[in-house]
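S.K.: For reference, the structure I am asking about is given below.
The values are calculated or read from the model by the stated rules, or taken from the named source; none is laboratory data. Everything quoted here is computed from the prediction, not taken from an experiment. A quick note on method: Cβ atoms are made from the backbone with ideal geometry, for glycine too, and the neighbour counts reach across all protein chains shown. Areas reflect the complete protein model, heavy atoms only, side chains present, ligands, DNA and RNA absent. Shrake-Rupley method; radii C 1.70, N 1.55, O 1.52, S 1.80 Å.
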Amino acid sequence: MAQLRSFIRKLEAEGELRRIKQPVDLSYEIGAVCFSELRKGADKNQALLFERINGSFTPLVVNLLASPKRFLAALNLTSVRQWHSFWLEKTSRPLNPLLVKNAPCQEVIRDRATLEDFPIPLWNEKDGGHYLTMACVISKDPETGRRNCAIYRMMVHEDRRSAGILAPPYRHIAAHVAKSSARGEALPVAVAMGVSPALMIAAASDFPYGVDEISMAGALDGAPVEITPCKTVPLEVPAEAELVLEGSLTPGDQEEEGPFGEFTGYYSGERARRPVFRMTCVTHRSDPIAVGSYVGRPPQENALINALTTEAEIIRQCPLPGITDIHINPLGVLNAVVAIDRNHAVDAAQIGRRILATAAGRRIKNITLVDEDIDPRDHDQVSWALAYRTRPERDVEIVKGMIGVTVDPSLPREERLSGTNRTSKMIIDTTRKSPEWTAEQCLPKREVLERVEREWKKYS
Ligand SMILES: Cc1cc2nc3c(=O)[nH]c(=O)nc-3n(C[C@H](O)[C@H](O)[C@H](O)COP(=O)(O)O)c2cc1C
């Protein structure tokens with residue numbers, strides 16, 4: 001299976017990764033370099049490997065999956081057209097992980113290590129602290145033992161042996177915390193950094209509660225993920241990880257966390273008391289590579305992973321025959337454009353509501369439904385449909401009291417801070433309604449148009 005190191009080699013060979021030998025500061029400089037690199041655009045930016053970081057012996061690789069090409073390469077795909085069918089096929093057969101001993105991630109075992117020993121940047125000017133942004137947080141449901149693995153931002157606290165987590169109530173670890181708190185127990189947690197790219201993708205995907213992302217990563221890679229027992233907590237972690245933090249979340253143990261420059265392009269998830277992960281042990285390879293991701297104004301990695309996995313997961317969680325395609329633009333991942341086949345007896349608005357009710361669709365705030373003749377990836381075509389096929393009083397539905405995304409800065413402040421995260425959502429149905437729709441699309445006479453296109457050289 002493609003591990004982090006082989007993926008780095010592959011990206012470097014393909015010119016998709018650049019080594020930065022210039023010494024850089026953890027505070028702001030790495031963030032600024034990442035920001036400038038990402039401004040080149042989704043197709044031109046490279047992943048960056050910072051080899052010399054002031055005050056750290058450990059190199060840091062960032063933005064590994066911040067371009068569609070690299071995201072697809074992580075799964076051995078070459079075209080985005082393969083993406084949805086690949087996802088549906090692979091995720092239908094999760095592969096259980098394989099338990100191994102003698103794991104590379106435990107070459108070094110340290111009881112007293114601090115988070116200062118590793119390169120964790122201060123990314124944006126007003127971030128509340130240094131943030132882990134690309135680490136997989138692993139925990140288990142205290143009742144069922146089902147595992148969850150997800151990426152949540154983690155702010156290093158002053159003691160350097162603990163970190164605050166932003167995981168709103170709709171997040172699966174929040175359910176684990178609630179259940180362990182009800183039992184008066186601490187929740188064991190492991191944080192794995194430098195896992196395989198397939199696991200990074202699975203961990204960032206909004207699967208329904210109870211799905212084991214490690215088994216899904218095995219399915220995506222076509223080989224089980226090797227896992228190994230932690231040293232101080234009853235959890236297993238990917239054996240090939242670069243670095244693992246072991247610890248727990250204790251009921252009621254909270255400290256101030258935030259703000260943080262989020263994928264929305266705003267400081268979101270403002271400073272508030274949030275659960276604290278306290279470390280019991282750190283294990284790592286003898287020469288670990290740290291992994292980070294610049295989170296901030298799109299285009300960036302988080303938004304791209306978000307967009308692609310949400311598209312595919314909505315199709316998986318909402319298997320209606322009427323849905324032919326979905327596009328989520330990484331620059332505004334709360335908006336989805338959904339193409340619908342009118343030959344199926346489906347009500348378009350009904351499809352919109354079904355999508356919003358899925359685990360993956362919770363993220364979406366605005367859905368634009370288009371007929372199958374409109375390419376949802378083509379903004380010009382979507383704009384054409386919006387302009388000439390809709391009548392707002394009939395075709396726009398506002399659904400109130402839905403759960404949104406906690407870092408959406410448009411949510412009322414009390415909703416964000418209380419964790420209820422309620423917002424309204426909008427479904428715009430641009431599909432042509434028969435029998436009322438009678439307009440005929442104008443085109444030149446067909447035979448003449450075909451002849452002109454065939455003989456185009458004559459005219460050019
Ligand atoms: C780089 C990156 C950072 C992320 N940070 C957060 C975060 O701080 N909080 C959060 O709730 N989701 C965050 N996400 C999204 C979650 O990882 C993703 O939605 C995941 O499916 C949540 O898992 P869960 O549904 O098992 O809780 C991040 C994703 C990426 C790629």
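S.K.: Enumerate the residues in the range 48-91 having an amide nitrogen under 20 Å from the point lying 7 Å beyond the Cα of Arg18 toward its Cβ.
M.R.: 48-54, 59-71
S.K.: Would you mind listing how long the range 26-143 runs along its three principal axes, going by Cα atoms, in whole Å with the largest first?
M.R.: 45, 42, 28
S.K.: Looking at the chain, do any whole DSSP H helices span at least 15 angstrom along their long axis by alpha carbon and average 1.0 or above on Kyte-Doolittle, and which?
M.R.: On the way: long enough: 172-182 (16 Å, 0.36); 301-317 (23 Å, -0.02).
Answer set is empty.
S.K.: Here is a further query. Which residues' amide hydrogens lie under 5 Å from the amide hydrogen of His130, considering only partners 5 or more residues apart or on another chain, with H built in the peptide plane?
M.R.: Residues meeting the criterion, in which the H sits 1.01 Å from N, are Val156.
S.K.: More than 28 Å apart: what percent of Cα pairs in the range 4-292 qualify?
M.R.: Value for the range 4-292: 34 percent of Cα pairs lie more than 28 Å apart.
S.K.: Check Glu242: other-chain or 5+ apart residues with amide H under 5 Å from its amide H, H built from backbone geometry?
M.R.: Placed amide hydrogens put Met193, Gly194, Val195 under 5 Å from Glu242.
S.K.: Please state the Cα pair-distance histogram of the range 319-429 with 10 angstrom bins from zero: what percent is in each bin?
M.R.: 14, 45, 31, 9, 1
S.K.: May I pose another question? Express the carbon and sulfur contribution to the solvent-accessible surface of the chain as a percent, rounded to the nearest whole number, probe 1.4 angstrom.
M.R.: Working: 10490 of 20330 Å².
With neighbouring chains kept in place, the figure for the chain is 52 percent.
S.K.: A further question follows. Along Cα→Cβ, 7 Å out, is where each label goes; now give me the distance between the ones at Arg5 and Val100 in nm to one decimal.
M.R.: 1.1 nm
S.K.: Cα centroid distance between the range 175-253 and the range 90-108, in Å?
M.R.: 11 Å
S.K.: Continuing with the same structure: Applying a 10 Å radius around every beta-carbon, put 161-172, 316-327 in order of their mean neighbour count, most first.
M.R.: Values: 161-172: 20.9, 316-327: 17.2.
Answer by packing, highest mean first, reads 161-172, 316-327.
S.K.: Step by step: find N for the range 288-346, compute 2.2 N^0.38 Å, then divide the Cα radius of gyration by it. What's the final number?
M.R.: 1.46
S.K.: Under the Karplus relation 6.51 cos²θ - 1.76 cosθ + 1.60, θ = phi - 60°, what is the ordered set of whole-Hz ³J(HN,Hα) values for the range 120-131, x standing for Gly and Pro?
M.R.: Using θ = phi - 60°, the values come out as 10, x, 9, 8, 10, 3, 9, 4, x, x, 6, 10 Hz.
S.K.: Please give the Cα centre distance for the range 19-63 versus the range 351-416, rounded to the nearest Å.
M.R.: 35 Å
S.K.: Can you tell me, using C-alpha contacts under 8 Å and at least 6 residues apart, the relative contact order of the range 4-292 as a whole percent?
M.R.: 22 percent
S.K.: Separate question: For the range 247-348, compute Rh as the Kirkwood radius over C-alpha pairs and then the Stokes-Einstein diffusion coefficient at 20 °C and 1.002 mPa s; write the answer in µm²/s, rounded to an integer.
M.R.: Value of D from the Cα-based Kirkwood radius: 123 µm²/s.
S.K.: Per residue, how large is the accessible surface of the range 328-452? Use a 1.4 angstrom probe and give square angstrom.
M.R.: 55 Å²
S.K.: Contour minus end-to-end for Arg377 and Asn343, with contour as 0.36 nm per residue of separation and end-to-end as the Cα-Cα distance?
M.R.: Using 0.36 nm per residue and subtracting the Cα-Cα distance, I get 10.1 nm.
S.K.: Amide H to amide H under 5 Å from Ile20: which residues, 5+ apart in sequence or cross-chain, H placed 1.01 Å off N in plane?
M.R.: Leu49, Phe50, Glu51
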